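Written below as structure tokens is the structure these notes are about.
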Amino acid sequence: MTYSNINYEALFQQSINRLKSEGRYRVFNDLERKAGSFPHAQSHITGKTVNVWCSNDYLGMGQHPKVISAMSEAIGRYGAGAGGTRNISGTHHAMVTLEETLAELHNKEAALVMTSGYVTNEAALSTLCSILPDCIIFSDEYNHASMIHGIKSSKAEKKIFRHNDIGHLEELLKAANPLRPKVIAFESVYSMDGDISPIAAICDLAEKYNAITYLDEVHAVGMYGDHGAGVAEREGLMERLDIIQGTLGKAYGVMGGYIASTRTIVDVIRSYASGFIFTTALPPALAAGANASIRHLMESSEERKRHQYNVGALKDMMLKAGIPVMPSQSHILPVLVADPVLCKKASDMLLNQFDIYVQPINFPTVPRGTERLRITPTPNHNHAMMFELTRALVWVFERLGIKPDMSVLDKAA
């Protein structure tokens, strides 16, 4: 038998070339964050100091003295790594303390920490929906890739409801066998559009049709509510939600993901989720830093107040300047470009001409034709920085001839 001479490298290169030809090849900006100078960072691409406008470190907590101090102290006390999986020597005291704090934050019986928000969603949803016999999962069409992956891995029957469409969700629930277990999975803040889900209405339907609710609050924890527990806390709905999932890598400025729920649900996921069981535990320094960040934001609302003020001020400034800011109910300000090549060019011009870093967002993260610059102000950005960003966007958009038709969003939906 003879085998064909397959040029594997050429096949791989063709895939890369296809991305480049479509204008959606991703280029990483080599940044060096400087403790104490956020949102500035050193770019090893341009060699200059740049102003970062697209960080998920929404409140700058990755630079907070309490967080840095807690992590430094933990390194000296515990050493660098966790030493193993949670089951085999990796359940260190800093992790136990962090999980107690998270349960307290969300007013739940227990919490479980994993290595990232992606891993948490994949592990929790795949386990939850495979444990429940003959389960149907109802998923918002805009749910994150990690949620979609978890749902697929569960092999449970899935029903996708139109984004934030309560009427469509009820149609699907009503048509389902009332005796079958049901899970409704959705997010609070959708990170690419910046809109917020109708949590109360979804809870009403869950109670009416006897379904479990699974709420992803990754872009909301730390940001909303009196203690930073998320949109559900702000709206007084935490007790009505069965499972709350969050991250430690965005507003809390560190790394990791978690769920908070009843002891039984947490125990089931702890006991069955392979993404949890077979992964080395989060190192003690990260757990200690996350705990310090959460504790600080549970007590302090100053960062949230300054942040919301800056979001409102920048949004107003950009709209007055004619920048096509997409409708947003949250701290995320997407600026529509609607073309992948122009989106990348705009990002490059902002970086090279103005030392402003905003990453282009293209397909598959957002639908084709809705490419955008996703801007995330922080409490550390000041008025002068906002003016410079707005001025730079006007200059870049004029030179590139970017005048997107906002109706493309209706077509994409």
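The values are calculated or read from the model by the stated rules, or taken from the named source; none is laboratory data. Since the model is a prediction, treat every value here as computed from it, not as a measurement. Glycine also receives a Cβ, built like all others from the backbone with ideal geometry; neighbour counts cover every protein chain displayed. Each accessible area value is taken on the protein alone, full model and side chains, heavy atoms only, with ligands, DNA and RNA left out. Shrake-Rupley method; radii C 1.70, N 1.55, O 1.52, S 1.80 Å.
Here are a few things to note about the model shown:
- Taking 59, 11, 132 as the candidate residues, the one with maximal mean-square fluctuation in a Gaussian network model of the chain, Cα springs under 10 Å, is 11.
- Given charges at beta-carbon only (K, R positive; D, E negative), |dipole| of the chain in Debye: 820 debye
- From the largest down, the stretch 285-413 spans 46, 32, 26 angstrom on the principal axes of its Cα atoms.
- When you restrict to C-alpha pairs under 8 Å that are six or more residues apart and normalise by the size of the stretch 1-71, the relative contact order lands at 17 percent.
- Relative contact order computed over the chain (Cα-Cα under 8 Å; 6+ residues apart), in percent: 21 percent
- Candidates 315, 250, 20: whichever shows maximal mean-square fluctuation once the chain is modelled as a Gaussian network with Cα springs under 10 Å: 20
- When 155, 344 are compared by accessible area at a 1.4 angstrom probe, the order from most to least is 155, 344.
- Of the residues 4, 58, 237, the one whose Cα sits farthest toward the positive end of the charge dipole of the chain, with +1 on the Cβ of Lys and Arg and -1 on the Cβ of Asp and Glu, is 4.
- Here is the tail figure for the stretch 85-169: Cα pairs spaced more than 17 Å apart come to 60 percent of all pairs.
- Here the stretch 12-77 is assigned +1 on the Cβ of each Lys and Arg and -1 on the Cβ of each Asp and Glu. Its dipole about the Cα centre then comes out at about 140 debye.
- DSSP-defined antiparallel bridges as percent of all bridges, the chain, nearest 5: 55 percent
- Once both labels are positioned 7 Å from their Cα atoms along Cα-to-Cβ, the gap between residue 208 and residue 321 label points is 4.5 nm.
- Extended-chain gain in nm, criterion 0.36 nm per residue less alpha-carbon gap, residue 299 and residue 93: 71.9 nm
- Rolling a 1.4 Å probe over the protein heavy atoms leaves residue 235 with an accessible area of roughly 80 Å².
- The stretch 280-413, relative contact order [Cα under 8 Å, separation at least 6], %: 27 percent
- Whole-Hz Karplus values for the stretch 345-350 come out as 4, 4, 4, 5, 5, 4 Hz, taken residue by residue from phi with 6.51 cos²θ - 1.76 cosθ + 1.60 and θ = phi - 60°; glycine and proline positions read x.
- Translational diffusion coefficient of the chain (Stokes-Einstein, Kirkwood radius from Cα pairs, 37 °C, 0.692 mPa s): 145 µm²/s.
- Ranked order, 395, 53 - accessible area, probe 1.4 Å, largest first: 395, 53
- Accessible surface for residue 93 stands near 120 Å², nearest 10, in the context of the full protein assembly shown (1.4 Å probe).
- Estimated vicinal HN-Hα couplings, Hz - the stretch 125-136 in sequence order (Karplus 6.51, -1.76, 1.60; Gly, Pro = x): 5, 5, 6, 4, 7, 8, 6, 6, x, 6, 6, 10
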